[in-house]
1. With respect to B:T81, determine if the residue is of a type in the set (S, T, Y), out of contact with any helix residue (DSSP H, G or I) (no Cβ under 6 Å at 6 or more places or on another chain) and over 23 Å from B:Y341 (Cα atoms).
2. I need the full set of residues from region A:509-552 which are in a loop (DSSP other than H, G, I, E, B) and within 12 Å of another protein chain (Cβ to nearest Cβ), in order please.
3. Looking at C:R179, C:R143, C:R173, can you tell me which residue is in a helix (DSSP H, G or I), more than 20 Å from C:K44 (Cβ to Cβ) and in contact with a helix residue (DSSP H, G or I) (Cβ under 7 Å, 6 or more places away or on another chain)?
4. Which residues, counting only those in region C:134-149, are buried (at least 24 other Cβ atoms within 10 Å of the Cβ) and within 11 Å of chain A (Cβ to nearest Cβ)?
5. Taking region B:32-47 only, how many residues are among the hydrophobic types (A, V, I, L, M, F, W, C), in a loop (DSSP other than H, G, I, E, B) and either modelled with pLDDT of 60 or more or open to solvent by 40 Å² or more (accessible area, probe 1.4 Å) (or both)?
6. Mind listing whichever residues of region A:54-72 are touching a helix residue (DSSP H, G or I) at 6+ places or on another chain (Cβ under 6 Å), within 7 Å of chain B (Cβ to nearest Cβ) and in a helix (DSSP H, G or I)?
7. For a quick check of your reading of the model, give me the residue pairs whose first member lies in region A:116-141 and is in contact (Cβ under 8 Å) with a residue 12 or more places away in the chain and in a loop (DSSP other than H, G, I, E, B), whose second is open to solvent by less than 40 Å² (accessible area, probe 1.4 Å) and of a type in the set (S, T, Y), with beta-carbon atoms closer than 7 Å and at least 6 apart or on different chains.
8. Applying the selection to region B:238-264, what residues are open to solvent by less than 10 Å² (accessible area, probe 1.4 Å) and of a type in the set (S, T, Y)?
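The values are calculated or read from the model by the stated rules, or taken from the named source; none is laboratory data. The shown structure was predicted, so the numbers you read here are calculated from the model rather than taken from an experiment. Here the Cβ positions follow ideal geometry from the backbone for every residue, glycine too, while neighbour counts run over all protein chains shown. Protein only, heavy atoms only, side chains kept; ligands, DNA and RNA dropped before computing areas. Shrake-Rupley method; radii C 1.70, N 1.55, O 1.52, S 1.80 Å.
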Amino acid sequence: MARRTDSARPKGWGALALPAVLFITVVYVLPLGMLLLRSVVNEEEPGLGAYTRLLADPGFLTVLRNTALLSLLSAVLCVLIGFPIALTIARSRGVFRAFLFICVVTPYLTSVLIRVFAIQVLLGAEGIVNNLLTAVGLDRADLLFNSFAVIVGLVHSEIPIVVLVLVPIIEKVDPSRMLAARSLGAGPAEAFVRVFLPATRPGLQVAFVLALVYSAGSFAVPELLGGNAAGMAGSFVYGAISQEGDTASGAAASVLLSVAVMAVLVLFTLLTRQKIQNVVAPQLMSTAAVETPERERARRRGSRRHTRRSVSGLAARLLDRSRISYLPGIVPAIATVLALLVLLPQLLAIPISFAGTRALVFPPNSYSTQWWANMFTGSWLRPLGVSVLVGVVSSVCATALGVLAAIGVGRAGSRAVRALSLPYLLLPLLFPVVVAAGAFFISFLRVGLIDTQAGFVLAHIAITLPQAFIIGYAGVQAINPDYEHAAASLGASRLRTLRRILLPLLGGQVLAALFLTFVTSFDESTIAIFLSGINVQTLPSRIFEALALQTDPTVGVTAVLFMAFVSVGAIAWQVLKRLRRRTAQRTETERGQAA
Amino acid sequence: MSMTTALRRPRTSLIAAATALACGLTLAGCGSDGGAGGGDTLWYSGFGGTYELSVKKALFDPYAAEAGVEVKIDKNGSNVTQLNEIIKSGRQSPDVVDTETATLAQFMSKQMLQPLDKSKLNVTDVADQSLINEFSVPWYQFSRNLYWNTKSFPNGGPTTWAEVWDVSKFPGKRSFPDRPIGTLEVALLASGVPKDKLYPLDVDRAFQWLDKIKADSIFINQADTAIGQGNVVTGLYTLGRLLDLQKGGAAIDYNWAGAPVSVQSLTISKNAANPAKALEVIQRSLSAESQQAILDSLRYTPTVTSVLDKLTPEQRADLPGTEETNKDSFYVDGTWWAQHYDEVVKRWQSWLNA
Amino acid sequence: MSEFSLSMREVSKEYGGLRVLDVPELDVRQGEFFSLLGPSGSGKTTGLRLVAGFEAPTAGRVIINGRDMARVSADKRNIGVVFQNYALFPHMTVAENVAFPLQMRSLSGQDIERRVAEALEQVDLGPFRDRNAATLSGGQQQRVAIARAIVYEPDLLLMDEPLGALDRRLRARLQGELRGLHHRLGVSIVYVTHDQDEAMALSDRVAIMNGGRIVQQGAPKELYDTPASLFVSNFLGDNNALPAAITGPGSARLEAGATMPVPRTGASAGAAADLTIRPERLRLTADGVRDDGPGFDGVIADVVALGAMTQYSVRIDGVGTLWASVQNSAHAFSGVPGDRVGVRWELDDVHVFPRPDSPSPADETAKATADA
């Protein structure tokens, strides 16, 4: 019989993803393509010339080695430091939890440049660390402008993300697992190592590889903390493209960096059997996704696992013998110290902002409000205004495009559409930002978008769109499709279903996406540094300039303002949440009375 | 297609179109007022920091107020390659570019500058007329100097570059600029080359000597933090910045031994939108009050007799490019650098990263 | 108006080549309460979604009130749907939920106001109109969902396991309400459930589904009394199922060994078959009491008192264990484990279901036709 049903076929919302897909294609993929093109098509070194020269250049090889070693080390440290903090956050409630969260999240929401600034202050020859060393009778140590400083900077940059990835995963682990292990005779440490840790392994893996990949693509940290001694790929790309005008080298280095990052990610997915989405968007990682690799691994390894006694297991047993692990509060204590260490550098900005002189000395030898006054001059207010404007416009656009795309992909009529567009829309999260910045620089130069607000907005939409998309997508996934079916059965057209049902239900996600994309755009430094010029400069680019050209305590002022902004935001959020909870409780009681 | 779908289809695309429109409108609203435009703006390419503040105050602010021109400032004055890219691509380039000896020579050899219209420029006050050429008039002289940390070396720091290279006698990290101009020269001085035999530079020898000290040095553009906090104890740094740091309380001192001296000039780049205004600025930079202001704020040596003649011998003894300091310092040879910069800088970058 | 509220013709649905639904013919009469009953995965919900227009059939026609729905999208079908999880819009109040379909139909504000009030009255939820739907109890939410689905007087009401999420007691009460509602409104209802009691209690007619096909449809009593297959027989009510082989016209030998008379069927001798007898069709007679019906003698193994009735399991040599339910009354049989007892039935109470895999003349013919 003839198939005559096609026109009534309920269409998916796939078309809603189209604007975002188009946008990413034109504004992100195309520039990346141009970057790739520029690495092989250029006047000076056509073909693979730039690559062969770079790979034969001992300088570049050192940069590559630095990149690999420093990011690997930082990733390991990040996980080691982040885990106890995440564990404590996951296990605690109330004020303590909020405190730890604030310690870790405040830096996350403050510009990487401000963190770098804080670390410069912290590690300088006259900085706190060295003053502590001399106070206990040790020699001053050379802590700044070397690999050590870079590692400190990278770890400090990536710890928040590690913690944010780990907390929900640790929270998903059934605590009765530990109790069961204890009841079966394992000490606290042994139970932890043999029962608890394996359950969090997928999260640890994702956190590790995220820290690794982000570190490898880092630009501001090595540029400002490493001196020439610890140059990394990111700073190399910046130097080549933005400073030396050597686009061929910069493009080739970007391609090599991207390939390396991709290789790490592919290797990671092969080794751990986790989806690439989990890495770039841990928010999408469901319990099922977390548990599958664990089960699979158990199946693959089979009985070998049960008979082999791991080194860590033995170590844990020794720890239990020593009874150290029985001490109550040992993990929270460690976590508190570590969390404070993460927060501390930010706080230094407060006295610095009142320094009497320009040179960065801590504690300042005199105090003044000149930098606060300076903050409110055009030189700083103009970039601030640009940042706010660019942030607002790009967050609104990115959220609109991202959330619509989330509905489109989440409710795509065909599976193929979803399978293709989901990773495609996450592309901007896969490539190091410095590579994207180079790509934007090269292609925007051609169309006159450098040094324009439109250029900033386009670039920022491209890199924040995936965030809005992820948040929206998680929201869409959580919405029962029956709501849409119900609306349809009740006579609502697709447009009305979107307006009356889906968008209101995604209200929370829309707000979250607006907030996150705004903060990201407002904080974004790498692209800003590449695209800024005489007409348009964002605040992070202004900060970078202040740090790269000469020290300037006004940076401290911006840091304080940042922190104030974030704190007010966080407190407002908490108050809002509490209010909502109270309303919920009230209705709950009403319901109880009604029943 | 049935009526129902015909009515339904466009709605989805309507949303798409609305989104696109919204984005487009906001972008348009942002305004792409790219370029510094013509008429009422002047684009100056300098170096940022306190230098920028001083130059603004001494020159651009009074000029802007008087001429009713908005001055836009970037920090890429020393970025020859970038400016060259801009000019090659035919895009608008800065009106006024701040150059030192070596960059001026490069700009000239790459034909990135416009000749100055001497008929409209009064240069009679310039002391050393031999420094005037087709593209530039000298503005001031400045130097990079040998500095040391007085806390680290309370009995006196290194007095010569050879001593800077002596790590056992003066332990601690050194700092040098992250570009080769001036740095290769002091390495050669340290190796024993007399200052009048520096050019043509023996590049191999220079790198050989730089190798000796590389492990004990950082090469960094912005050394304020490192010097101010005592992370580095000696090295080569711009005089103006050293003075700034001293003012800020940093325990440092400097001398004139083997200090590379440069002549600074304001020039007009090839694709400048506003060369007439640029010329006005250059004229103004030669005024006595502007030169005096530079001298007061940055302590760089004026080039016009009206200000030079008022200098006391004590003042001259601590200024770059004066008879008194020229005994110890040397002039950077712009012509040599113009010929060799591109090739040296490649080797330099690779050496630096390795 | 067409005789049928809903008709499906040659409707099938495939997912990735896998056929999950195949309905050659199905008709729901105007005003009928029609249930799709089957285990999970039997295709009943898929059927309902095709009718609602949430999914399109791979082939075939869905006709509502005589109108082919092929080109009519879900929002234009004027069907009411009550979802298993109610799908009340959580960001709206009760009244807003109920008003939603009226707003979609662009009714005037006053009309909406009036009809919402009426609909909420119908389900006894008047006082709850301004409450957030999410704060109501399960039963209340259920009634809001119904009010929302009937407020615009749909041509057809689809209900997908609407009582599935409720506890037993509430379910029983709501069944009563649903019946009342159906009588009051006279709307045709297609009701999806996996609960046989619910289907039997509510429906005018029931279609039993299995593996994407309707295996039998008819009035509940008809299905119960004359099931067309072992599956239907097992699915509707309890059964004593005895695997056996047909030994000749009107006789079979049980796998356990005994031989018993069965109604004559088309099954040929030697064919494997399942014999079923409903527990309530078994008569128990105390040892020594004479009963000439077909049956066996055995020993009571277990007694389960269920209040209104008592279930006895009786172990019989050569047969196995049979369950018998006995309505409790003053004169009813009563025994304890260990008692010898006679188990008797009427010949017509035995149903014979030839095994589908065993060769039977009818099957052979069908196959031959198919091959040709």
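1. no
2. A:S532, A:G533, A:I534, A:N535, A:V536, A:Q537, A:Q550, A:T551, A:D552
3. C:R179
4. Hits for region C:134-149 are C:A145, C:R148, C:A149.
5. 1
6. A:G59, A:F60, A:T62, A:V63 - these are the residues of region A:54-72 that are touching a helix residue (DSSP H, G or I) at 6+ places or on another chain (Cβ under 6 Å), within 7 Å of chain B (Cβ to nearest Cβ) and in a helix (DSSP H, G or I).
7. Sorted first by the residue in region A:116-141, then by its partner, the pairs are A:G124/B:T225.
8. The one that is open to solvent by less than 10 Å² (accessible area, probe 1.4 Å) and of a type in the set (S, T, Y): B:S262.
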